[in-house]
Structures are given as structure tokens and as C-alpha cells.
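Note sheet for the following structure.
The values are calculated or read from the model by the stated rules, or taken from the named source; none is laboratory data. Computed from a predicted structure; not experimentally measured. Positions of Cβ are generated from backbone atoms using ideal geometry, with glycine treated the same way; all protein chains shown enter the neighbour counts. Side chains are part of the model used for accessible areas, which takes the heavy atoms of the whole protein and leaves out ligands, DNA and RNA. Shrake-Rupley method; radii C 1.70, N 1.55, O 1.52, S 1.80 Å.
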Amino acid sequence: QVHLVESGGGLVQAGGSLSLSCAASGRTLSNNTLGWFRQAPGREREFVAAVTRSATWTYYADAVRGRFSISRDDARNSVYLQMNKLKPEDTAIYYCVAGWGGSAPSRYDYWGRGTQVTVSS
């Protein structure tokens, strides 16, 4: 079975930066699109970013484009999210995912348990 484990969440002031990591185990995910979703209290789960196999393409939600950067390291079976210029509205639980790609949660077969990111004003 495949397990995804996020790390790097925490509390940061507005304007600051935070780096998230996600390590997969169970099998290689080199042929999967890897990505990140987030969910804030009272809000629907939303797409954040994705990176395709071999890092051929990257995709970002409009809300984070220019501030966040997604990357992958297939040798480590991992995906990362560098978050800069953080805003209070970025506060959410962040989930790493693996699957077929796209902005819909149903397109991803594997999900981590999530890591909390809190941005103070």
C-alpha cells in the first residue's frame, strides 16, 4: 500500500515563507502526477499545485501563482511545496496527493493525512 506523509507545516507571520515536504512509501510514484490541495475551516478543499511525471509541466491555482513553487525528486519519491509571501488566507491543512493529475480531488488516488499551515496577520 502507498503512504504519503507531509512535513514542514507550522506557524508563520504574513509575508514569511514555509517549505512543505511529502515523502511516499510503498511503491515508486515516478509515473504519477504529484500535487498539493488545501482545506481551510468552512471552505471546500481546493487545488493548490501539481507537477507531472518527469516534471514536464507544473500547474498552480490562481491564488498562489507567483508565490508558491512545486517540485519533485523521484529519487526520493518526494514532492515539495515552497511557499513565499504567505497571507492569512493561506491558512489551511495542506495535503499532498498522487494520481492522474488535474485540479479535481477525484483525479488523485493517494492522499496524505495533511499538515497544518497557519499564517498570522
Flag if Gly42 is in contact (Cβ under 8 Å) with a residue 60 or more places away in the chain, in a loop (DSSP other than H, G, I, E, B) and either of a type outside the set (Lys, Arg) or crowded, with 17+ Cβ neighbours inside 10 Å (or both): no
Please work out which residue is most open to solvent (accessible area, probe 1.4 Å), limiting yourself to the range 13-39 and to residues that are out of contact with any Pro (no Cβ under 8 Å at 6 or more places or on another chain) and among the aliphatic types (A, V, I, L, M). Ala23
Filter the range 13-26 down to the residues that are on the phi < 0 side of the Ramachandran plot and either among the small types (Gly, Ala, Ser) or modelled with pLDDT under 95 (or both) and list them by number. Ala14, Gly16, Ser17, Ser19, Ser21, Ala23, Ala24, Ser25
From Trp100, Trp111, residue being under 17 Å from Ala40 (Cα atoms) and open to solvent by 50 Å² or more (accessible area, probe 1.4 Å): Trp111
Do you know which residues across the range 1-12 are surrounded by fewer than 15 Cβ atoms within 10 Å (Cβ to Cβ), at pLDDT 95 or above and not aliphatic (A, V, I, L, M)? His3, Ser7, Gly10
Residues of the range 81-121 being charged (D, E, K, R) and within 14 Å of the chain's Cα centre (by Cα), which ones? Asp90, Arg113
So which residues in the range 1-39 are among the polar types (S, T, N, Q), over 15 Å from Val64 (Cβ atoms) and assigned to a strand (DSSP E or B), if there are any at all? Ser7, Gln13, Ser21, Ser25, Thr33
Checking Thr56 against (1) more than 15 Å from the chain's Cα centre (by Cα); (2) open to solvent by 60 Å² or more (accessible area, probe 1.4 Å); (3) touching a residue at least 24 places away in the same chain (Cβ under 8 Å), only one condition comes out false. Which one? (3)
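Please work out if Trp111 is closer than 14 Å to Ala24 by Cβ, touching a Pro at 6+ places or on another chain (Cβ under 9 Å) and either without any contact (Cβ under 8 Å) to a residue 24 or more places away in the chain or not β-branched (Val, Ile, Thr) (or both). If you could, list the steps in order and put the result at the bottom.
Working: closer than 14 Å to Ala24 by Cβ: yes; touching a Pro at 6+ places or on another chain (Cβ under 9 Å): yes; either without any contact (Cβ under 8 Å) to a residue 24 or more places away in the chain or not β-branched (Val, Ile, Thr) (or both): yes.
In short, yes.
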Can you tell me which residues in the range 75-97 are within 14 Å of Cys22 (Cβ to Cβ), in a loop (DSSP other than H, G, I, E, B) and open to solvent by 60 Å² or more (accessible area, probe 1.4 Å)? Arg76
Find all pairs meeting these conditions: Cβ atoms under 7 angstrom apart; at least six residues apart or on different chains; first residue within the range 85-105 and over 23 Å from Ser120 (Cα atoms); second residue of a type in the set (Lys, Arg) and at pLDDT 95 or above. Gly99/Arg107; Trp100/Arg107; Gly101/Arg107; Pro105/Arg45
